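Only the coordinates and a few stated rules stand behind these numbers; no lab work does. Please read all numbers here as calculations on a predicted model, not as lab measurements. Glycine also receives a Cβ, built like all others from the backbone with ideal geometry; neighbour counts cover every protein chain displayed.
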Amino acid sequence: MPNTILIGAQWGDEGKGKIIDVLTEESDIVVRTQGGNNAGHTVFIGKEKYVLHLVPSGILRRGKLCVIGNGVVVDPVSLMGEIEGLRQRRVKVEGNLVLSETAHLVLPYHRELDAQRELLKGKHKIGTTKRGIGPAYGDKAARTGLRIVDLINPPRFEAMLRQKIRENNEVLKAFGAKPLSFAKVHAEYRAAGDYLKAFVANTVILLHEATQRKARILFEGAQGTFLDLDHGTYPFVTSSNTTAGGACTGSGVSPNRMDRVVGVMKAYTTRVGEGPLPTESADIADMLHAMGREFGATTGRARRCGWFDAVATREAARVNGIDELAVTNIDGLDTLETIKVCVAYRDGSAQYDYVPNDIEVLSRCKPVYLEFPGWRTSTHQVRRWAQLPLKARQYLKAIAELTEARLSIASVGPDRAQTIFL
Ligand code: IMP
Ligand code: MG
């Protein structure tokens, strides 16, 4: 398939990093189109573990061009650190990474504002990653943001940054927070600008030319459907469009150039941060955490865990137009006697087969479960569909059917080899 959009069908951390890595093999170009260094994509290559935040994971494969598109918000200092980290591990970045001129910048005042707003919200906080993502996209929408083109134009950057720091210091003072030093921020970000300059290009033109010569492009989504600014559990969302449409606006590649949408989902559900999670269950959380699983790649936070939520994934299939499903972390359920799947929500006498938009209603919703017998055997060594225990196959078929999409990949562990193609 030439152009593939890969998205998360739940609340992020579906194991996209690994599936992206697998699909990269059949791609020439990998593009990030939204989010920022709030994302954490974990990829294992042999025994080596890589966690990527801004750089597409395609960078770990030889000869793949990686693009950070216009829809991404970039903290230049953080990106520089990530590139340096890759170089130290002998990953070739030069010539393989391109950064959009029109990507917006995340600056220290965005991080400060993110933290201060969360503090002010107290128990109503969103539980952000505190990477400044919301305030950076806020500036973008308010048309007061700085972009990569500005960063690499020293006099313009200086003037714009001076103005922004002056303005934001007033806001920070009102919060009772420490103001930022223009000189310090300027020096640090100018240095990062010099470092990144060689990677900067007009990525819309680059991708347009690539589609004309029929290069195969993989659009790697970050976060997940229910963290989408429009379609997620607002306000407990991130500030970008994590759904399939975001791949178009965030790259400048038009919808009619897209050939397929792959949705990635876990065989159960997790969420980091606050907000409703109808199938949340202490039992499954304790079990997964005791196995050493489900700790955040970016913040190290223990993820909240729950049973598979087919009401949510069915909605994700619709919003994203999912053609194919990749189900990950199947091995996480290996020891269970009974596995529950949510097929509807109930709130008093009302029953829902879709996710209600009113966050108060959603927070009250109780899941209606179907139960499946567990397979109670390790799936780690399984490499083919037919080798999977029958009960595991039945479970996977059921969750794909309930999601109303076709199962195409099943993953039984973090390694590339632990991938089953249907
Ligand atoms: P922000 O994106 O840092 O503003 O955080 C907003 C919400 O999205 C919080 O609940 C975060 O925990 C969540 N979030 C942001 N990035 C990710 C991710 O990559 N995986 C999972 N959750 C995320
Ligand atoms: Mg993650």
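For the chain, the longest principal axis of the alpha carbon atoms and the long axis of helix 310-320 meet at an angle near 50°.
Short-range pairs are left out: with C-alpha atoms under 8 Å and at least six residues apart, the relative contact order of the chain is 20 percent. Which residues does a label at Tyr369 reach in region 269-302, if reach means a backbone N under 12 Å from a point 7 Å past the Cα toward the Cβ? The answer is 279-285, whose backbone nitrogens lie closer than 12 Å to the label point. Taking each residue as 0.36 nm, the span from Glu360 to Ala141 lengthens on full extension beyond its C-alpha to C-alpha distance by 76.1 nm. Across region 205-260, C-alpha contacts under 8 Å between residues 6 or more apart give a mean separation that, scaled by the residue count, equals a relative contact order of 28 percent.
At an R0 of 25 angstrom, the distance between the Cβ atoms of Gln387 and Glu48 translates into a FRET efficiency of 0.40. Quick one: grab the alpha carbon gyration tensor of region 1-109, order the square roots of its eigenvalues as a ≥ b ≥ c, and give me rounded if a/c is under 1.5, else prolate or oblate depending on whether a/b is larger than b/c. In terms of gyration-tensor shape, rounded.
For the Cα atoms of the chain, what angle does the longest principal axis make with the long axis of helix 76-88, in degrees from 0 to 90, nearest 10? So the helix axis and the longest Cα principal axis differ by about 70 degrees.
A cut-off of 5 Å between modelled amide H atoms, ignoring neighbours fewer than 5 places along the same chain, links Val98 with Cys66, Val67, Ile68. By the count of neighbouring beta-carbon atoms within 10 Å, fewest first, Met291, Met258, Met265, Met80 end up ordered Met291, Met80, Met258, Met265.
Please return the longest stretch of the chain lacking exposed loop sites, where chymotrypsin sites (Phe, Trp or Tyr not before Pro) count only if DSSP places them in a loop and at most 16 other Cβ atoms lie within 10 Å. Mind dumping the intermediate values first?
Numbers: sites that count: Phe175, Tyr354.
The longest such stretch corresponds to 176-353.
Between helix 390-403 and the chain there is an angle of about 60 degrees, using the helix long axis and the longest principal axis of the Cα atoms. Decide, for region 172-314, between rounded, prolate and oblate: order the square roots of the alpha carbon gyration tensor eigenvalues as a ≥ b ≥ c, take rounded if a/c falls under 1.5, and otherwise choose prolate if a/b is larger than b/c, else oblate. It is oblate, given that a/c is not under 1.5 and a/b is not larger than b/c. For region 360-422, a/c is not less than 1.5, where a ≥ b ≥ c are the root eigenvalues of the C-alpha gyration tensor, and a/b tops b/c. That puts it in the prolate class.
Lys18: net charge of surrounding residues, Cβ under 14 Å, Lys/Arg +1, Asp/Glu -1, itself excluded? Net of charged neighbours comes to -2. Contact order, relative form, for region 104-198: 28 percent (alpha carbon pairs under 8 Å, 6 or more residues apart, mean separation divided by residue count). Exposure proxy ranking for Ser57, Ser100, Ser349, Ser27, based on other Cβ atoms within 10 angstrom of each Cβ and starting from the fewest, stands as Ser349, Ser27, Ser57, Ser100. Within straight-line reach of Lys340, meaning a Cα separation under 17 Å, sit the following lysines at least 8 residues removed in sequence or on another chain: Lys266, Lys366, Lys391, Lys397.
Each Lys or Arg adds one and each Asp or Glu takes one away; over the other residues whose Cβ falls under 14 Å from the Cβ of Arg314, this sums to -3. Placing one equal scatterer on every Cα of region 73-183 and applying the Debye formula, the log10 ratio I(q)/I(0) at q = 0.13, 0.16, 0.22, 0.23 Å⁻¹ is -0.57, -0.81, -1.25, -1.31. Distances between placed amide hydrogens fall under 5 Å for Phe219 paired with Thr4, Ile5, Leu6, Val31, all partners being 5 or more residues away or on another chain.
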